[in-house]
Each structure stands twice: as C-alpha cells, then as structure tokens.
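Chemist: For reference, the structure I am asking about is given below.
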Amino acid sequence: MIVLDTHVWIWWIDNHPKLTGDYKQIIEQQKQSGELGVSIYSCWEIAKAVENNRLQFDMAVEDWLEYASSYSGVQMLPLTMRIIVESTQLPGDFHKDPADQIIVATSRVYDCPLVTYDDKILKYPHVKLLP
C-alpha cells in the first residue's frame, strides 16, 4: 500500500496537471490492487480548506468527499489511538502542522510509503517516501 497526502489525493481524483506522470503511473498500479491509503484526516483538511476558501470544487464538499473516498482502489484509513500518539512523538525535528503530523504518522504506523509534493515532508528523514 501507499499513502496519498491530501493534495496528491485531490490532484489524482481531479486529474490535475501538477500530478506528474511517474506518480500517476504508481498510483494507477496501486489502484489496481486496491492499495491506495488515504487518512480520514484528509477529509477534515479538505473540508477546512473549502470552509476557508482555499479550495473549491464544482460540487459540494460533502459530495466530492463521498465521490473521492469511494473511488476505485481507495482505502480510507481510520484515525486510531496509535496514529494520534505517533503524531505527537514523531522522531527528529518535524513542523507543527497537525494535518501533516497525522498523515506522516499514518504512513509510519502502516509502514507504507507516502506520496507527497510537500517540501517539509520530503525533507523529513523519518518517513518512507516514493523515489
């Protein structure tokens, strides 16, 4: 399984040009085996971005989330006690964005690579990333 960061999930569902061909190919391969993980916390992050007018869809955010979470191959990963605790005890120096902390912790708990374009996460040595 691979875990998709929130922006990667959005870009993939919406076929955004910022998602590179390499990542698209990897995501499509994982989709075939039903191995795409998305933290349920990403739904909160998306809803907050819509609420704060940093993100817009052609439909209501509830409808987009329902559509995107039921997309073929996507597994919504629950927010568990273990993930919550891990997010507060990430090794090394990690920034204070709670959404990033939860998503990185999710990747670490599931021991799966994270797909992200986030520079802060890409520089963090304590999470598996796709090459």
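The values are calculated or read from the model by the stated rules, or taken from the named source; none is laboratory data. As the structure is a computational prediction, the values presented were derived from the model and not from experiment. Every residue, glycine as well, gets a Cβ built from its backbone with ideal geometry; the counts of neighbours run over all protein chains shown.
Chemist: Can you pull out the residues in the range 72-131 that are touching a residue at least 24 places away in the same chain (Cβ under 8 Å), more than 27 Å from residue 13 (Cα to Cα) and buried (at least 17 other Cβ atoms within 10 Å of the Cβ)?
Modeler: Correct list: 90, 94.
Chemist: In the range 39-49, which residues are farther than 16 Å from residue 16 by Cβ and either surrounded by fewer than 17 Cβ atoms within 10 Å (Cβ to Cβ) or aliphatic (A, V, I, L, M) (or both)?
Modeler: If the condition is that a residue be farther than 16 Å from residue 16 by Cβ and either surrounded by fewer than 17 Cβ atoms within 10 Å (Cβ to Cβ) or aliphatic (A, V, I, L, M) (or both), then 40, 44, 47, 48 are the ones that fit.
Chemist: Given the conditions (1) farther than 18 Å from residue 12 by Cα; (2) surrounded by 13 or more Cβ atoms within 10 Å (Cβ to Cβ); (3) not small (Gly, Ala, Ser), report the number of the one that residue 52 does not fulfil.
Modeler: (2) is the only condition that residue 52 fails.
Chemist: If residue 34 satisfies all but one of (1) at pLDDT 95 or above; (2) under 17 Å from residue 2 (Cα atoms), what's the number of the condition it fails?
Modeler: Among (1) at pLDDT 95 or above; (2) under 17 Å from residue 2 (Cα atoms), the lone unmet condition for residue 34 is (1).
Chemist: I'd like to check something: does the range 15-31 contain any residue that is closer than 20 Å to residue 112 by Cα and among the aromatic types (Phe, Trp, Tyr)?
Modeler: Yes, the range 15-31 contains a residue that is closer than 20 Å to residue 112 by Cα and among the aromatic types (Phe, Trp, Tyr).
Chemist: Can you give me the ranges of the helices (runs of 4 or more DSSP H) entirely in the range 10-104 with at least 2 residues that are touching a Cys at 6+ places or on another chain (Cβ under 8 Å)?
Modeler: Per the criteria, 61-69.
Chemist: Evaluate the range 111-123: report whether one residue or more is farther than 20 Å from residue 23 by Cα and of a type in the set (A, V, I, L, M).
Modeler: no
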